[in-house]
Amino acid sequence: MQDLKGKKAIITGGNRGLGKATALAFAQEGIDVAITGRDEKALQATVQELEQLGVKATYAVFDIGNYAAVQKGIKTLIDQLGSVDILVNNAGIAAFGTFNEMDVDQWSRIIQTNLMGMYYVTKEVLPHLIDQNHGEIVNVSSTAGLSGNASTSAYSASKFAVIGMSESLMREVRKNNIRVCTLTPSTIATDMAVNLGIASKDSEDSVLQPEDFAELVVAGLKLPRRAMLKGASLWSTNP
Ligand SMILES: NC(=O)c1ccc[n+]([C@@H]2O[C@H](COP(=O)([O-])OP(=O)(O)OC[C@H]3O[C@@H](n4cnc5c(N)ncnc54)[C@H](OP(=O)(O)O)[C@@H]3O)[C@@H](O)[C@H]2O)c1
């Protein structure tokens, strides 16, 4: 089992939902964490919670859909951490709407954030992982990236694309001792799922919780280096 204590991680979208739960789980393992997002107050509050767990924590505010902002933000975070071992590409947005109902701007924003944002962040972190000949990348897709549904054309397109990008990268960088994992969770009770009307936060026993996702991420990272969690779907036991 790999000991994660002392590792350094960047988590995009770390101020709430799955990203925040993962950041807290990382801190409990002794991992220093840098989180990103656009809401600075929520980032600051999360950094305080992380510091209370005894690790070094920091944040950067940027829109992952803006490459220049990503370049600057990621550089700042790596300078502050000193190095980086783990990248969790978690930030994302969702909106449902029929093909013709959703306007071009909204459709494009979903692709720009979920696909291009993940590409931009990875492009800035990857050279560091290759140089040090080790690293972990965890990319968050969705069950919507495995099958399309009526009204999810933009979201599914972005999440299918994430799987293609992530699996290609995995095959490319295994030789550099970098493990790339593509996760396809089902519905988890976060702001995103509540706003989409597919979950409520008051049914803890029957709906997946962000902590369940975080446990899966940590378990994958703890595997001995000879083993790699290539991908995993997290489902609720409740049908
Ligand atoms: N919840 C589910 O049921 C579910 C299921 C499968 C997959 N997923 C995926 O899991 C990931 C996390 O989702 P979640 O449920 O935790 O959603 P959430 O609660 O809405 O959180 C989304 C996170 O992404 C950040 N973010 C969004 N757009 C951004 C942008 N343009 N630039 C920078 N940061 C941005 C948000 O921070 P700011 O608002 O501060 O920017 C926030 O931290 C997403 O990729 C989502 O597609 C979720």
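The values are calculated or read from the model by the stated rules, or taken from the named source; none is laboratory data. Bear in mind that the values here come from a model prediction, so they are computed numbers and not experimental data. Backbone-built Cβ (ideal geometry, glycine too); neighbour counts: all protein chains shown. Each accessible area value is taken on the protein alone, full model and side chains, heavy atoms only, with ligands, DNA and RNA left out. Shrake-Rupley method; radii C 1.70, N 1.55, O 1.52, S 1.80 Å.
Our note on the geometry: Cα centres of region 132-203 and region 83-130, 10 Å apart. Candidates 21, 2, 152 compared by Cα position along the dipole of the chain: farthest toward the positive end lies 2, with charges placed on Cβ. Based on Cα contacts under 8 Å between residues 6+ apart, the chain shows a relative contact order of 20 percent.
For the chain, the Kirkwood radius over C-alpha pairs fed into Stokes-Einstein at 37 °C and 0.692 mPa s yields D = 184 µm² per second. Listed peptides 90-101, 167-178 appear in the order 90-101, 167-178 once ranked by packing, highest mean of other Cβ atoms within 10 Å at the front. Looking at region 1-54, the trypsin sites (Lys or Arg not before Pro) that sit in a DSSP loop and have at most 16 other Cβ atoms within 10 Å of their own Cβ are 5, 38. For the chain, the solvent-accessible area with a 1.4 angstrom probe is 48 square angstrom per residue. Shape summary of region 83-165, radius of gyration then Dmax from alpha carbon positions: 14.4, 47 Å.
Split the accessible area of region 88-239 by element, probe 1.4 Å, and carbon with sulfur accounts for 52%.
Membrane-span-like helices in the chain, defined purely by DSSP H runs whose alpha carbon atoms cover 27 Å or more axially and whose average Kyte-Doolittle hydropathy reaches -1.0, are 153-173.
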